[in-house]
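Student: This is the structure I want to talk about, given as structure tokens.
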Amino acid sequence: MDGELTTLGISAAGLTAQRTRMNVLAENLANAETTRSEDGGPYQRKLVVLGSEPAASFGQALEAAQGNLVKVQEIAPSTEPPRLVYMPAHPDANAEGYVALPNINPVLEMVDLLAATRAYEANVTAVQALKAMTNKALEIGR
Amino acid sequence: MATIFDPTSGLLSEMIRATAVRHRILASNLANVETPGYEAQEVAFDKLLAEAQGQPAGRPAAPPGIRPVVRADPDGVSRRDGNTVDLDRQMVKMAENTLWHNGLVQILAQRLNVMKAAIKGQ
């Protein structure tokens, strides 16, 4: 049974990572025009950094057929500079009349959101396939 | 190992185990479909089957042990972020693997039912 649980864990890690990504993308989209963030200045676009690591403990790792979990390594701020838009009447405009808006392109965020959704769905399919296989195996000897 | 189970049943259960390992590796590839630098893996399954079939005809003395071999996916195409997982190909492989698994389970269950009938003297 341990094998099934590990496999389920791999798919669950994939679901968690993609959902985290979707949350961060939603936050970016919601704050696309935010000029006053918690740490002052315009909102900074956030990026999710994914990494993989072996799914099994050291003992099992010797078996080599362990698979790899995906983990959110970091949610890092983007290094892109803010967009400067000429809006002299805006309360946050600088001396030249420009307002620093977040470095967010909604189109990019939407494309990323689509990719995250597809990856999430792929993991859901993997879970469903595992459930079908396990149920089928339980029929042995019935 | 002397059991009431014939070598074929042993081979079947080993192959079912191999499909489970293969599913895990496919799930791992799918989980890492957006991980930069991740290299897609595959379980050498068809090769295992061919090797098992290459056993001498008739009844082998012991079921040939199948050890699933995990290797880098030779069909993987590297994207710009170094990831080599092809989502569509992985989904097809997973569907194929599930069919394999269910088919093998069905055959094994059938064999056990035959044995059950023999034991009961039906």
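Student: Provide B:28, A:52 in ascending order of the number of other Cβ atoms located within 10 Å of each residue's Cβ, fewest first.
Tutor: Exposure proxy ranking, most exposed first: A:52, B:28.
Student: Please pull out the direction-averaged projected area of chain A, using the convex hull of its alpha-carbon atoms, in nm² to one decimal place.
Tutor: Average of the hull's projected areas for chain A equals 11.6 nm².
Student: Separation of the stretch A:82-142 and the stretch A:1-55 by C-alpha centroid, Å?
Tutor: 8 Å
Student: Taking chain A as the reference, fit the longest principal axis to its C-alpha atoms, fit the long axis of helix A:106-137 to the helix C-alpha atoms, and give the angle between the two in degrees, 0 to 90, nearest 10.
Tutor: 10 degrees
Student: Roughly how crowded by other chains is peptide A:130-139, in terms of the mean Cβ count from those chains within 10 Å of each of its Cβ atoms?
Tutor: Across the residues of A:130-139, the mean count of other-chain Cβ atoms within 10 Å is 5.
Student: Would you mind giving the mean number of other chain beta-carbons within 10 Å of the Cβ of each residue in A:114-126, as a whole number?
Tutor: Mean shielding count: 4.
Student: Just want the ordering: B:13, A:78, from fewest to most Cβ atoms lying within 10 Å of their own Cβ.
Tutor: A:78, B:13
Student: Given the rule -39500 (n - 2.57) for each run of at least 4 DSSP H residues, summed and divided by the residues of chain A, what is its mean residue ellipticity at 222 nm, to the nearest 500 deg cm²/dmol?
Tutor: -16000 deg cm²/dmol
Student: Let me know the mean shielding of A:40-52 by other chains, meaning the per-residue number of their Cβ atoms within 10 Å of its Cβ.
Tutor: Going residue by residue through A:40-52 and averaging, the value is 2.
Student: For each pair in A:46/A:71; A:131/B:116; A:136/B:116, compute the distance between the two Cα atoms and list the pairs where it is over 24 Å.
Tutor: Exceeds cut-off: A:131/B:116.
Student: Follow-up. So how tilted is helix A:2-30 from the main axis of chain A? Cα-based, degrees 0 to 90, rounded to 10.
Tutor: 10 degrees
Student: Ok, one more. Can you put A:87, A:133 in order of Cβ neighbours within 10 angstrom, beginning with the fewest?
Tutor: Going from sparsest to densest Cβ surroundings: A:87, A:133.
FYI, it's all coordinate maths here, none of it is from the lab. Keep in mind that what you see is a predicted model, and the values were worked out from it rather than measured. Cβ atoms come from the backbone with ideal geometry, glycine included; neighbour counts cover every protein chain shown.
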